[in-house]
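For reference, the structure discussed in these notes is given below.
The values are calculated or read from the model by the stated rules, or taken from the named source; none is laboratory data. Everything quoted here is computed from the prediction, not taken from an experiment. Note that we place each Cβ from the backbone using ideal geometry, even for glycine, and neighbour counts take in every protein chain shown. Ligands, DNA and RNA are excluded from the accessible area calculation, which covers all protein heavy atoms including side chains. Shrake-Rupley method; radii C 1.70, N 1.55, O 1.52, S 1.80 Å.
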Amino acid sequence: MKYLSIVLVIILFQSCNQKKESKKDPVIQSEIQKTEVKTDSAIQNTSKAAEIKKDTLDEVMLEQDIMFNGKLKRFFSLNDFGKVFGKADSTRLLSEEQPCTYIFETPENNGMNDQYLYKNGSRFENSGQKVAVEEFRFINGNYILYKGVKIDSKSTINDLKQIFPNAIRNIGNLDVYGEGTLQAIRLREDKEGISDGHINIFFKNNRIYSLHWWFPC
């Protein structure tokens, strides 16, 4: 009998322990679920933050995607300049203007003999037989084809929003010498973010006015 009593006591003790454990299980499971929910929420919030950060970056405008007056890319020959734009309205040596950066400056060419060509409000840099667009004004029929889409003096801010939604969302105002305050957007020059420069597009009276390559000194 004494042995049987001991066995019964052990069985009852084990039974009580099992009940206690079974009561604890839902609590433990609940904590696990809460932890999983918190972790999922953190992952979702991090993902959303990454999307927002990515979405606020200005778009890229690659020079190879631009055709000036539908015929020339940003870099072309002096002969092509004459064919498409005609004779320059005026010229000025860069050494007189003393810009902080030259497009064609190299160790062999310090740019002292280079010059600006001015035509219909646009400005081009010229070195020998090479020419590059520095600032392009959308007047007197000037336009660009950007990835096949024509952008001219009739193009509005809303039109550009279809192409550069992020940049238009972040549109701001800039004081432009001789022009006053203009609305402007900024576009990156390359996808990798290697260039320190960018492209400014200016608007006047809600319509595109000019395009300018900007590079820090």
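Results, tabulated for the structure shown:
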quantity	calculated
ASN140-ASN120 pseudo-label distance in nm [points 7 Å out on the Cα-to-Cβ vector]	0.7
Length released on extending from GLU97 to CYS217, taking residue separation times 0.36 nm less the Cα-Cα span	41.8 nm
Added length on full extension, which subtracts the Cα-Cα distance from 0.36 nm per residue, VAL149 to LYS71	26.7 nm
Projected label distance in nm at PHE104 and GLU63, using a 7 Å step from Cα toward the beta-carbon	1.3
Solvent-accessible heavy-atom area per residue, rounded to whole Å², over segment 61-134 at 1.4 Å	53
Solvent exposure ordering (accessible area, 1.4 Å, most first) of THR156, THR101	THR101, THR156
Difference of contour (0.36 nm per residue) and Cα-Cα distance, TYR177 to GLU192	2.3 nm
